[in-house]
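The values are calculated or read from the model by the stated rules, or taken from the named source; none is laboratory data. Owing to the predicted nature of the structure, the values given are computational and were not obtained by experimental measurement. With ideal geometry, Cβ positions are generated from the backbone for all residues, glycine too; neighbour counts draw on all protein chains shown.
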Amino acid sequence: MQLTISNKTIDWVFKHFETSQNGILPTEAERRRAKHGSNELIAKEIKWWHILSRQFRSPFIYLLIFAAAVSAVMRELVDGLMILIFVFVNASLGFAEEYHSERSLRLLKKFVISKARVRRHGHEMLVDSRDLVPGDVVLVETGDVIPADLRFIESNGLSIDESLISGESAPQTKNSAEIKNEAKQIGEAINMGFMSTIVVTGKGLGVVVATGKNTAVGEMARLTSETERESAFEKGIAKFSSFILRMVVIIIVLLFATNLILKGSEADLGKLILFSIALAVSVIPEALPLVTTLSLSRGALRMAKENVVVKRLSAVEDLGSIEVLCTDKTGTITENKLQVKEVFAENENHCLISAAAAASFIGEGKQEPNNSFDLAIWNKLSAGDKNNVLKWKRINEMPFDPARRRNSVLIKNNGGCRLIVRGALESVLPLCADIKTGDKNKIVSWAAEQGRKGRRTIIIAEKNCAELNKYDDKSECQLSFIGAISFDDPIKATTTSAIERARKIGVQVKIITGDSREVAGAVALKIGLIDNEKKVITGEELDALTDKKRRVAVDEYFVFARVSPEQKYRIIELLQNKYEVGFLGEGINDAPALKLANVALVVNGASDIAREAADIVLLNSSLAVIVDGIRNGREVFANTVKYLKVTLISNFGNFYAIAIASLIVPFLPMLPIQILLLNLLSDFPMVAIATDKVDKDELRRPRSYNVREVVLMAIILGLVSTLFDFIFFAIFFHREPAILQAGWFMGSVLTEIVLIYSIRTHLAFWRAKAPSRPLFVLSFFAIAVTILLPLTSFGQNVFKFGKLPLIDVAVVLAVVGIYFCITEIIKRIYYAKIGNGRLAG
């Protein structure tokens with residue numbers, strides 16, 4: 001950004017940009033456009049096929065494609081087709097989400113107006129804003145959108161709404177004089193206008209100092225479009241996928257080599273290859289995409305009932321993992337709509353009417369205010385008072401000047417003339433001649449108190465005078481004090497309770513705003529975020545710290561004021577070194593930080609670019625629904641971890657047992673088709689884990705995927721599962737191979753299903769919430785099929801099971817019951833001694 005120009009003189013600007021009051025020649029404009037490019041927001045362009053290819057860069061996707069290929073080789077076409085459907089659905093969802101996000105840059109372009117009024121070689125003309133170049137002289141007035149970054153060389157009552165890029169809620173008054181010190185923030189550059197901001201009042205003439213990607217908005221466009229987000233959900237699943245892939249490859253190679261060494265020429269190479277591949281496929285949790293999609297979809301539907309739109313499905317779970325929620329102040333915590341808070345006057349109504357009479361919109365012939373201060377005053381008046389104000393004749397005025405910090409108007413009403421002056425206390429109060437020292441101290445004390453509360457104040461004074469066609473500063477003397485008005489940007493009704501609830505569930509809330517230290521601190525104090533309004537750090541103070549101290553500061557401070565979009569981005573980046581970060585915003589200035597955050601949320605009424613960069617949109621503007629969303633996300637996480645634990649414990653237990661048994665017996669302990677059927681039946685009820693209920697203890701703090709803890713539990717209980725597999729093996733060892741395979745198959749499926757009911761809670765199973773109905777029904781169905789299949793001719797002919805006598809079925813059921821009890825005991829010991837009573841995270 002060109003903030004360094006703010007403390008340069010107008011002559012310096014003319015010389016540096018080789019221009020003048022009359023602008024540049026049209027031919028020079030063409031030359032500069034060839035050099036600097038068009039005044040457009042152009043960033044790194046990402047094609048749709050780049051986004052599509054990213055969806056397949058995952059170890060888990062490689063596993064699933066491998067499993068589908070194996071199923072096809074083994075002529076299990078239904079299994080292969082289902083796995084490919086999982087891959088297609090996953091890739092489609094990811095592509096849709098990312099493609100939608102990349103549209104953010106296109107929406108930024110909407111804020112560049114199509115035409116600009118420019119002065120070239122002394123002639124005013126309308127040109128396409130994309131044709132503006134550095135050195136052009138541009139004219140702007142009330143209602144205009146600034147077409148490029150400008151350094152003003154003339155101004156007349158000029159004020160600009162910069163909230164979209166700076167976060168400052170009140171319009172910024174502009175002038176053309178150089179400032180004493182170089183501006184560090186957008187809000188300090190009072191002689192500059194920035195692309196996409198809106199002229200609220202007055203007129204201005206400015207030299208273009210930056211166009212396109214070099215503007216303040218251009219920098220935001222670059223950050224927004226080039227930032228890539230990897231969610232906690234994606235990182236967690238990638239960790240597990242990589243672990244499973246490495247383990248499967250290592251064990252299969254060892255198993256295959258060991259079989260060849262021990263059995264030598266007796267080994268059937270073809271069957272051994274198919275057996276090894278089928279065993280590998282049995283370990284892959286192919287139902288994981290379906291389980292997570294169901295969980296996330298249910299969560300998104302619940303949030304939709306609360307008027308929350310989830311744009312990125314995995315954001316439902318990511319929301320549950322956030323540890324820090326950063327939020328903008330303006331329009332997020334506050335309403336972004338000034339209102340009159342207090343009136344300090346003997347005659348309150350007279351004070352408000354006089355303040356309204358001095359409003360700039362009346363002199364511009366408008367019926368409604370276009371300035372937030374004027375609008376607040378206007379809304380406070382009755383309909384009758386408004387009509388009277390509009391009827392008064394406006395004889396002359398002096399617009400607001402930041403150097404004078406006041407404006408004045410000469411009006412004629414009821415046969416007399418009044419000069420009304422309003423502005424800052426230190427500017428207007430010394431002009432009042434009728435105030436006693438004691439009364440003046442009261443006014444000063446009242447204004448200071450309002451300032452501590454984060455409110456803005458203006459003083460209104462008047463005097464009767466003759467009708468004058470022209471007057472100057474010297475006329476603004478011997479005034480009579482009318483009163484003072486304070487303004488407040490009100491806190492949203494749901495903010496305080498929502499932040500308190502967030503604190504109770506272990507989520508830190510931090511305010512990051514472009515507003516002043518005083519206003520930000522007062523708001524934070526009011527909502528209970530800090531206990532002292534001085535516990536605020538500005539963006540400039542943060543930048544002045546060393547890297548080490550900066551990392552400490554972003555952790556310790558809860559309020560960041562006068563923060564630029566780039567600083568906001570860096571704060572999120574620093575916090576992400578330690579935490580999962582959610583960001584709640586609404587303006588253009590929030591877009592880069594929204595794109596970077598692990599979870600991006602916006603409120604109703606947010607700018608288009610903010611909505612497009614967001615994962616979650618709160619339609620009812622209530623922060624309270626975020627807390628419900630966090631709870632929702634933690635339920636999804638808990639159910640996903642349940643699935644991972646159960647499938648890893650049982651799959652690896654069966655994997656080890658069958659692999660070792662293959663070294664002992666001269667035949668395959670379980671046929672490839674039986675292994676795949678085992679995998680299908682045991683996964684069938686686990687799909688319903690997505691609908692399961694979650695214990696309250698699992699929702700009290702943020703959680704994240706922890707491969708070490710999940711794998712540790714999977715190893716411990718996997719060994720138990722392997723032990724019981726060998727018990728089944730021992731029971732049926734001396735029977736014919738088909739009977740051994742049938743008994744082992746039945747025991748393996750049933751132990752995996754009952755394992756769900758132990759692992760679904762870290763409490764004793766009878767103390768946990770009842771399982772969901774879908775989980776119970778699908779479990780019952782899978783158990784029935786598992787028991788009946790080896791007893792039927794269909795199972796014996798198609799899957800080559802031997803017919804089990806009923807006494808053998810009873811023995812299998814008894815062993816499964818013992819397995820469940822042992823699992824419960826070891827689980828309780830694990831959580832008491834190793835897991836510290838917690839799930840992974």
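For the reader, a short list of remarks on this structure follows.
- Members of the stretch 187-217 that are within 26 Å of His123 (Cβ to Cβ) and among the polar types (S, T, N, Q): Asn191, Thr211, Thr215
- Which listed residue is under 30 Å from Asp401 (Cα atoms), touching a helix residue (DSSP H, G or I) at 6+ places or on another chain (Cβ under 6 Å) and among the hydrophobic types (A, V, I, L, M, F, W, C), from Ala522, Ala448, Ala461, Ala502: Ala461
- Residues of the stretch 391-430 satisfying the condition of being farther than 17 Å from Ala358 by Cα and at pLDDT 85 or above: Glu426, Pro430
- Number of residues in the stretch 596-624 that are of a type in the set (Lys, Arg) and at pLDDT 80 or above: the value is 0.
- Of the strands (runs of 3 or more DSSP E) contained entirely in the stretch 495-614, those carrying at least 1 residues that are closer than 20 Å to Arg455 by Cβ and of a type in the set (Gly, Ala, Ser) fall at 559-561.
- Only one of Glu709, Glu698 that is within 26 Å of Phe637 (Cα to Cα), among the acidic types (Asp, Glu) and in contact with a helix residue (DSSP H, G or I) (Cβ under 7 Å, 6 or more places away or on another chain): Glu698
- Qualifying residue in the stretch 321-341 (condition: modelled with pLDDT under 90 and in a helix (DSSP H, G or I)): yes
- Every residue from the stretch 393-431 that is hydrophobic (A, V, I, L, M, F, W, C) and in contact with a Ser or Thr (Cβ under 7 Å, 6 or more places away or on another chain): Met398, Phe400, Leu419, Ile420, Val421, Leu425
- For the residues Arg773, Arg760, Arg828, the requirement of being farther than 16 Å from Ala688 by Cβ and basic (Lys, Arg) singles out Arg828.
- Candidates Val749, Val811, Val754, filtered to the one that is in contact with a Leu (Cβ under 9 Å, 6 or more places away or on another chain) and within 24 Å of Leu719 (Cβ to Cβ): Val749
- Number of positions in the stretch 473-509 that are in contact (Cβ under 8 Å) with a residue 60 or more places away in the chain, surrounded by fewer than 17 Cβ atoms within 10 Å (Cβ to Cβ) and over 23 Å from Gly521 (Cβ atoms): 3
- When Glu154 is tested against (1) outside any loop (DSSP other than H, G, I, E, B); (2) at pLDDT 90 or above; (3) more than 35 Å from the chain's Cα centre (by Cα), just one condition goes unmet, and that condition is (2).
- Only residues that are surrounded by 11 or more Cβ atoms within 10 Å (Cβ to Cβ), hydroxyl-bearing (Ser, Thr, Tyr) and closer than 23 Å to Ile673 by Cα were counted across the stretch 792-821, and they come to 1.
- Among residues of the stretch 424-445 that are assigned by TED's automatic domain parsing to the domain that holds Cys477 and in a helix (DSSP H, G or I), those with a beta-carbon under 8 Å from a residue that is crowded, with 18+ Cβ neighbours inside 10 Å and of a type in the set (Ser, Thr, Tyr) at least six positions away or on a different chain give the pairs Leu425/Thr457.
- Scanning the stretch 179-192 for residues that are surrounded by fewer than 17 Cβ atoms within 10 Å (Cβ to Cβ) and among the acidic types (Asp, Glu) yields a count of 1.
- Some residue of the stretch 134-150 being on the phi < 0 side of the Ramachandran plot, surrounded by fewer than 22 Cβ atoms within 10 Å (Cβ to Cβ), modelled with pLDDT under 85 and β-branched (Val, Ile, Thr): yes
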